[in-house]
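Structure first, then comments.
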Amino acid sequence: MDGASKDVMRFERESVQRAAVGFPLPNGARVEIPVIRVFGQSPQPRVVIVAGVHGDELVGPHALVELAQELTPSELRGTVVLAPSANPLAFAAGRRTAPQDNLDLNRILPGKRGGTATERTANFLVNQVLGAADLVIDLHSAGREGTLVPLSGFREAHDDCARQSALAAAAFGLEYYWMMRWSPGTLSTWANQQGIPAVGCEVGGRGTATREQIDLYKAGLRRCLRHAGVLDPPLAVAMPPKVWTQEHLTAPCGGLLEVLVELGQEVATGETLAHVRDLWGNVCAEITAPHPGKIMHTRVQQSVAAGENVFWLGREEDNPCYMSL
Ligand SMILES: [Zn+2]
């Protein structure tokens, strides 16, 4: 459990190792995380791919269990580590967070040894799954209550690690090239803080995973592995000049939600995007676009509480990594 480089499974050329690795909860019960290591010709480069950090986001877990069965050791130059269900307590509950403590795993990394259930999960991931990675990829979706356009992204920063992350995200190549704000406690920011390039992705939601969405993730992962030098043929990518960023639009009051726009739709400043009605039918809030942009996330659950997220409004801006080249 100590040290970022300690490994529960040792490198063995051209082999696949599957193991449930785990840790005890405060009450002594054991949590086990399924980890698949596909070893190729050499230990490095080592790409670690994580899904299920939020337990109700299912495109990533489906993509990873399939990819784990499809990758063959003889086609790999390095090592691919896959963790399809990184937060088993949240997955078991069918929720974003584990009911034991309701902490968001993607806000508290590196967690705490001897902490609450989610703090221990975070600490275990950091020490036993993510350690010694040359690239980390984190697959998400919207939760049950919403859905997202396909986004492959990197964290905003101004160093070489950010540039490498930005290139890997470009190799992943989903429809929207995305720049996430720097956010300590998240998996990708934690990785960058260790000097490990990281890609974060989003596709779909609603507690579902369509064949098309699973295939989008698998194809993006293969491109990323080619870019990382793990799979052939090599893939060189150019730094995109523009990125998408998002602003969260929340409901000012709770009630019945009527969404008036579609995912991916272009909207103008001042355009009405949704109404919230109280249970007498009166409109208590109108959500409008503060600037022109595209709907990157929309709530699908047709009720909302005050302060809850209804849309991500995306806009394109200059890519700082491109500007600093
Ligand atoms: Zn998520």
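Values in this text are rule-based calculations from the coordinates and carry no lab data. Only a predicted model underlies this, so the values are computations on that prediction, with no experimental measurement involved. Note that each Cβ is placed from the backbone with ideal geometry, even for glycine, and that neighbours are counted across all protein chains shown.
Things worth noting here:
- Summing Lys and Arg as +1 and Asp and Glu as -1 over all other residues whose Cβ lies under 14 Å from the Cβ of Trp190 gives a net charge of 0.
- Peptides 173-185, 22-34 ranked from most to least packed give 173-185, 22-34, packing being the mean of other C-beta atoms within 10 angstrom over each peptide's residues.
- Pairs of Lys residues in the chain that lie 8 or more places apart, or on two chains, and have C-alpha atoms under 26 angstrom apart add up to 4.
- Here the residues Cys161, Cys253, Cys321, ranked from fewest to most Cβ neighbours within 10 Å of their Cβ, fall in the order Cys253, Cys161, Cys321.
- Mean sequence separation of contacting Cα pairs (under 8 Å, at least six apart), scaled by the length of region 147-213, corresponds to a relative contact order of 44 percent.
- Chymotrypsin sites (Phe, Trp or Tyr not before Pro) lying in DSSP loop within region 273-318, provided at most 16 other Cβ fall within 10 Å: Trp280
- Were the residues from Asn102 through Ser15 laid out at 0.36 nm apart, the gain over their Cα-Cα distance would be 27.6 nm.
- Within the shell defined by Cβ-Cβ distances under 10 Å, the residues around Leu139 carry a net charge of -3, with Lys and Arg each +1 and Asp and Glu each -1.
- Working value for region 24-81: equivalent-ellipsoid semi-axes of 26, 15, 9 Å, each the square root of 5 times a Cα gyration tensor eigenvalue, largest first.
- Cα-based helix-to-principal-axis angle, 59-70 vs the chain, degrees rounded to 10: 30 degrees
- Against the main long axis of the alpha-carbon atoms of the chain, helix 160-172 sits at an angle near 80°.
- Compared with the alpha-carbon gap, the fully stretched path from Cys253 to Gln302 is longer by 16.3 nm at 0.36 nm per residue.
- Surface/4 estimate of mean projected area, convex hull on alpha-carbon atoms of region 15-227, nm²: 10.4 nm²
- With R₀ fixed at 56 Å, the C-beta to C-beta distance from Ala29 to Met323 puts the FRET efficiency at about 0.65.
- Net charge of neighbours whose Cβ lies under 12 Å from the Cβ of Gln265, counting Lys and Arg as +1 and Asp and Glu as -1: -2
- One decimal place: the segment Val283-Ala236 gains 11.7 nm when fully extended, by the rule 0.36 nm per residue minus the C-alpha distance.
- Euclidean distance between Cα centres, region 28-83 to region 155-195, Å: 20 Å
- Sum of -39500 (n - 2.57) over DSSP H runs of 4+, divided by residues of the chain (222 nm, nearest 500): -6000 deg cm²/dmol
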